[in-house]
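Reading through the structure tokens given below for one structure.
The values are calculated or read from the model by the stated rules, or taken from the named source; none is laboratory data. Everything numeric here is computed off the predicted structure, so don't read it as measured data. Note that we place each Cβ from the backbone using ideal geometry, even for glycine, and neighbour counts take in every protein chain shown.
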Amino acid sequence: MDWWWQTLIGVGVALLLAWIALLIALLAATPGKAQLTEALRLLPDLLRLLRRLAADRTLPRGVRIRLGLLIGYLAVPFDLIPDFIPVLGYADDAIIVVAVLRSTVRRAGLDAVRRHWPGSDDGFAALSRLTGLHR
């Protein structure tokens with residue numbers, strides 16, 4: 001077998017193993033059904049928040065890049081976990097958004113997220129509960 005076939009097979013196996021590891025991590029981090037329902041109600045405000053945070057020049061460049069990549073990921077029509085997989089198919093986007101928001105708060109501060117929140121105070125409280133931002 002040629003070396004490039006071996007390389008191609010090796011890369012394919014590595015990608016498959018990485019995908020399986022991600023699937024296991026998402027299974028461990030899956031939120032409850034009530035949390036997913038609450039997150040769906042916040043979705044329009046959350047999308048506006050992400051856009052506003054990504055456009056804020058006062059935030060560190062790494063945070064803005066992360067938010068831009070997240071917006072791009074959410075815009076792409078395919079997911080890391082296909083939607084036909086029960087619960088995880090739809091939860092993977094929510095889990096990734098939560099992880100990026102937590103990282104944004106660690107780097108930019110909760111005040112930046114609060115300043116750009118377009119929704120109500122109750123909506124921000126729900127977002128804080130869902131993402132663990134209130135801690």
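Here's the yes/no breakdown for (1) surrounded by 14 or more Cβ atoms within 10 Å (Cβ to Cβ); (2) assigned by TED's automatic domain parsing to the domain that holds Arg48; (3) within 19 Å of Arg57 (Cβ to Cβ):
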| position | (1), (2), (3) |
| --- | --- |
| Pro77 | no, yes, no |
| Asp83 | no, yes, no |
| Ile95 | yes, yes, no |
| Ala99 | yes, yes, no |
| Ala108 | yes, yes, yes |
| Ala112 | yes, yes, yes |
| His116 | yes, yes, yes |
| Gly119 | yes, yes, no |
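Do we find that Arg57 is without any contact (Cβ under 8 Å) to a residue 40 or more places away in the chain and over 21 Å from Leu127 (Cα atoms) in this structure?
When the stated conditions are applied, Arg57 passes them.
Identify all residues within the stretch 113-135 that are free of Cβ contacts under 8 Å to residues at least 60 places away in the same chain, in a helix (DSSP H, G or I) and of a type in the set (A, V, I, L, M); write none if there are none.
Within the stretch 113-135, just Ala125 meets the criteria.
Could you check the stretch 76-96 and list, in sequence order, the residues that are over 24 Å from Arg129 (Cα atoms) and in contact (Cβ under 8 Å) with a residue 40 or more places away in the chain?
Across the stretch 76-96, the qualifying residues are Leu80, Ile81.
Of the conditions (1) farther than 27 Å from Ile20 by Cα; (2) basic (Lys, Arg); (3) in contact with a Leu (Cβ under 9 Å, 6 or more places away or on another chain), Arg102 satisfies every one except a single condition; which number is it?
Arg102 satisfies every listed condition except (1).
Any residue that is surrounded by fewer than 15 Cβ atoms within 10 Å (Cβ to Cβ), in contact (Cβ under 8 Å) with a residue 24 or more places away in the chain and more than 26 Å from Ala21 (Cα to Cα) - is there at least one of those in the stretch 60-75?
Within the stretch 60-75 (the criterion being surrounded by fewer than 15 Cβ atoms within 10 Å (Cβ to Cβ), in contact (Cβ under 8 Å) with a residue 24 or more places away in the chain and more than 26 Å from Ala21 (Cα to Cα)), the answer is yes, since at least one residue qualifies.
Of all residues being farther than 30 Å from Leu130 by Cα and outside any helix (DSSP H, G or I) in the stretch 1-34, which is modelled with the lowest pLDDT? Just the residue, please.
Met1
Please verify whether the stretch 104-112 includes one or more residues that are closer than 17 Å to Pro44 by Cβ and assigned to a helix (DSSP H, G or I).
Here is the first cut: in the stretch 104-112, the ones closer than 17 Å to Pro44 by Cβ are none.
Checked against the condition, which is being closer than 17 Å to Pro44 by Cβ and assigned to a helix (DSSP H, G or I), the stretch 104-112 yields no hits at all.
For Leu50, are the conditions met, namely being surrounded by 14 or more Cβ atoms within 10 Å (Cβ to Cβ) and either modelled with pLDDT of 85 or more or not assigned by TED's automatic domain parsing to the domain that holds Gly119 (or both)? If you could, list the steps in order and put the result at the bottom.
Numbers: surrounded by 14 or more Cβ atoms within 10 Å (Cβ to Cβ): yes; either modelled with pLDDT of 85 or more or not assigned by TED's automatic domain parsing to the domain that holds Gly119 (or both): yes.
Judged against the criteria, Leu50 is a match.
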